[in-house]
Amino acid sequence: MDSIVAVAGTLLGSVVAYWLQQRASRAERAAAGAADVQREVTAAVAQLAAALADHRSAMWLREDLRLSGTEPDAYDRARAASHTTRAAITAPLATVKILAPHLARPAAEAAQAAYALRNAADTDTLNAARAAAITAADQLLTAAARP
């Protein structure tokens with residue numbers, strides 16, 4: 001009888017040890033996966049912030065040229081550049097929305113603020129729109145930095 005209890009105790013101990021080891025392994029994999037997702041979100045937000053800054057600059061130049069009545073060729077080049085920078089926003093914006101739904105709203109607001117530089121009525125309006133776009137991008141970064 002003692003040997004049966006000893007064998008049963010050994011088997012039970014082995015089962016419990018195996019179960020604890022598997023649980024710890026799953027927890028390690030989950031933590032590693034969460035860290036990978038956080039790195040991807042950080043990279044996507046950084047790419048989006050850079051794309052927004054590029055577009056904001058391109059739009060300010062484009063609209064400043066339009067408002068100053070500069071030669072059409074310079075405006076056309078600036079307009080083409082702004083189309084390129086706007087297109088560069090699409091992929092990182094989508095990535096942020098998919099990987100970090102809690103950042104979807106500030107990301108979309110930052111993009112809309114950058115787009116709002118278009119067709120400014122005058123230089124003061126253009127500069128105000130630029131400042132609003134910078135603020136919206138900063139708000140996105142602040143939201144992304146929250147744990």
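What's the number of the condition Ala74 fails, among (1) surrounded by fewer than 18 Cβ atoms within 10 Å (Cβ to Cβ); (2) under 26 Å from Ala145 (Cβ atoms)?
All conditions are met except number (2).
Given the conditions (1) more than 30 Å from Ala144 (Cβ to Cβ); (2) touching a Lys or Arg at 6+ places or on another chain (Cβ under 8 Å), and given that Gln22 satisfies all but one, which numbered condition is not satisfied?
(2)
Conditions (1) part of a helix (DSSP H, G or I); (2) without any contact (Cβ under 8 Å) to a residue 12 or more places away in the chain; (3) acidic (Asp, Glu); (4) under 16 Å from Ala50 (Cβ atoms), marked per residue:
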{"residue": "Ala80", "(1), (2), (3), (4)": "yes, yes, no, no"}
{"residue": "Ile89", "(1), (2), (3), (4)": "yes, no, no, yes"}
{"residue": "Thr95", "(1), (2), (3), (4)": "yes, no, no, yes"}
{"residue": "Ile98", "(1), (2), (3), (4)": "yes, yes, no, no"}
{"residue": "His102", "(1), (2), (3), (4)": "yes, no, no, no"}
{"residue": "Ala107", "(1), (2), (3), (4)": "yes, no, no, yes"}
{"residue": "Arg118", "(1), (2), (3), (4)": "no, no, no, no"}
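Name the residue that is surrounded by the most Cβ atoms within 10 Å (Cβ to Cβ), counting only residues in region 18-48 that are at pLDDT 75 or above and of a type in the set (A, V, I, L, M).
Leu48
Is it the case that Leu61 is free of Cβ contacts under 8 Å to residues at least 40 places away in the same chain, farther than 20 Å from Val37 by Cα and in contact with a Phe, Trp or Tyr (Cβ under 7 Å, 6 or more places away or on another chain)?
No, not satisfied.
Hey, can you tell me all the residues within region 64-120 that are over 19 Å from Ala132 (Cβ atoms) and hydroxyl-bearing (Ser, Thr, Tyr)?
Of everything in region 64-120, those that are over 19 Å from Ala132 (Cβ atoms) and hydroxyl-bearing (Ser, Thr, Tyr) turn out to be Ser68, Thr70, Tyr75, Thr84, Thr90, Thr95.
Criterion first (modelled with pLDDT of 95 or more and either surrounded by 17 or more Cβ atoms within 10 Å (Cβ to Cβ) or β-branched (Val, Ile, Thr) (or both)) does Ala104 satisfy it?
The answer is no for Ala104.
I'd like the full set of residues that are buried (at least 21 other Cβ atoms within 10 Å of the Cβ) and either within 14 Å of Leu65 (Cα to Cα) or out of contact with any Lys or Arg (no Cβ under 6 Å at 6 or more places or on another chain) (or both), limited to region 108-119.
Once the filter is applied, which keeps residues that are buried (at least 21 other Cβ atoms within 10 Å of the Cβ) and either within 14 Å of Leu65 (Cα to Cα) or out of contact with any Lys or Arg (no Cβ under 6 Å at 6 or more places or on another chain) (or both), region 108-119 yields Ala110, Ala111, Ala113, Leu117.
Go through region 88-101 and give me each residue that's under 13 Å from Gln47 (Cα atoms), aliphatic (A, V, I, L, M) and exposed (fewer than 15 other Cβ atoms within 10 Å of the Cβ).
Result: Ala91, Ala94.
Restricting to region 120-134, what's the tally of residues that are assigned to a helix (DSSP H, G or I) and either modelled with pLDDT under 95 or surrounded by 13 or more Cβ atoms within 10 Å (Cβ to Cβ) (or both)?
9
The values are calculated or read from the model by the stated rules, or taken from the named source; none is laboratory data. Predicted model, so just to flag it, every value in this text is computed and none were measured. Methodologically, a virtual Cβ is constructed for each residue, glycine included, from the backbone with ideal geometry; neighbour enumeration extends over all protein chains shown.
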